[in-house]
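Single-structure report; data block below.
Every read-out reported here was derived from the displayed coordinates using simple, explicitly stated rules and does not represent laboratory data. On a predicted model such as this, the values are computed, not experimentally measured, just so you know. Cβ sites come from the backbone with ideal geometry, for glycine too, and all protein chains shown count toward neighbours.
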Amino acid sequence: MKIVSWNINSLRKRQDRLLGWLKDTQPDVVCLQETKCTDEQFPALELRSAGYHSAFHGQKSYNGVAILSRTELSDIRASLCDEEDDPQARVIAASAGSTRVYCVYAPNGQAVGSPAYEYKLRWYERLRVCLNRDTTASERVVVCGDFNVAPEDDDVYDPPLWRGAIMCSDGERAAFRQLCDVGFIDTLRLHYRGAGPFTWWDYRMLSFPKNRGLRIDAVLASKALADVCTGAGVDREMRKGKDPSDHAPIWAEFAL
């Protein structure tokens, strides 16, 4: 079972790129972030023709998350379990067979200490409480998405430059660690040690050609899945070409 997470940075703008990539790679489950389209605009019929069922939660121009699956999805929930009123479309969960899938797009936070930063930390706590309530160690659960945090210095091309900045601050990294402490394992780090690979590169200053990136996307797996994780990586090729997203897809494979 191959599960992929990709911040597509506007689904309507990159729909053809997505459909071509699905045809070429045929992953079992795909979690998309920053779809930036309303539910009425979501291309469910086109994706179904491509062989994928979909669950989606969107809003106009901002945010938006979706789960695509080659098998039918069930038990879909487009909110966190606390049911707190939140107009930002940042999480959706669904079951693909016996695997529970969460697709998340964490807040950026804007600047350390800002109101947006405090919202980000509160959002992380809400997600942690939800996952702790909804999952057990014996369950197959993945939490995929753009976490807007580079968890360790190895996830940053220039750690001294970024130390303490947004996406690399102590508070954000602590929030990510506490999320994992609920019982999730960062699948990429099961297979890679040392610096990189990265998943996000700024559009400016030739950041991608110079590989000045961050790894802010992840596929987190419960122990039951992490124990059978046979591979993980980043599809760097999808950051190339005409008009790409600023993120590349990150993936993990499981022997199920």
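If you stretched the chain out fully between E152 and R122, how much longer would it get, using 0.36 nm times the residue separation minus the C-alpha to C-alpha distance?
8.7 nm is the gain from fully extending E152 to R122.
Could you tell me what percent of the DSSP beta bridges with both partners in the chain are antiparallel, to the nearest 5? Before the final figure, lay out the partial values.
On the way: 40 of 52 bridges.
The answer is about 75 percent antiparallel.
For the chain, what is the relative contact order in percent, using Cα pairs closer than 8 Å and at least 6 residues apart in sequence? Please report the intermediate quantities before stating the final value.
Working: 593 pairs, mean separation 48.4, N = 256.
With pairs under 8 Å counted, the relative contact order is 19 percent.
Taking only DSSP H segments of four or more residues, each worth -39500 (n - 2.57), what value at 222 nm results for the chain once the sum is divided by all its residues, to the nearest 500 deg cm²/dmol?
Value at 222 nm, helices only: -6500 deg cm²/dmol.
If the reach is capped at under 23 angstrom between alpha carbons, list the lysines near K60, excluding any in the same chain fewer than eight residues apart.
K13, K36, K120
For D155, D28, what's the fewest-to-most ordering of other Cβ within 10 Å of each Cβ?
On the way: D155 28, D28 19.
Arranged by neighbour count, lowest to highest, D155, D28 become D28, D155.
Sorting R133, R14 on the 10 Å Cβ count, fewest up front, what's the list?
Ordered by Cβ neighbours within 10 Å, fewest first: R133, R14.
Going by the alpha-carbon gyration tensor, a ≥ b ≥ c the square roots of its eigenvalues, is the chain rounded (a/c under 1.5) or, if a/c is not under 1.5, prolate (a/b greater than b/c) versus oblate?
Values: a/c = 1.24, a/b = 1.11, b/c = 1.11.
Note, shape of the chain comes out rounded.
Let's see if you can work this out: charge +1 on each Lys and Arg Cβ, -1 on each Asp and Glu Cβ, no other charges. What is the dipole magnitude of the chain about its Cα centre, in debye to the nearest 20?
Taking the Cα centre of the chain as origin, the dipole is about 620 debye.
From the square roots a ≥ b ≥ c of the eigenvalues of the alpha-carbon gyration tensor of region 39-109, which class results: rounded (a/c under 1.5), prolate (a/b over b/c), or oblate?
Cα axes put region 39-109 in the oblate bin.
Counting other C-beta atoms within 10 Å, which of E84, E152, E118, E34 has the fewest, and how do the rest follow?
So the ranking, lowest neighbour count to highest, is E84, E118, E152, E34.
No partner Cβ under 4.7 angstrom, meaning no disulfide-compatible partner by this rule: which Cys of the chain qualify?
C37, C168, C180, C229
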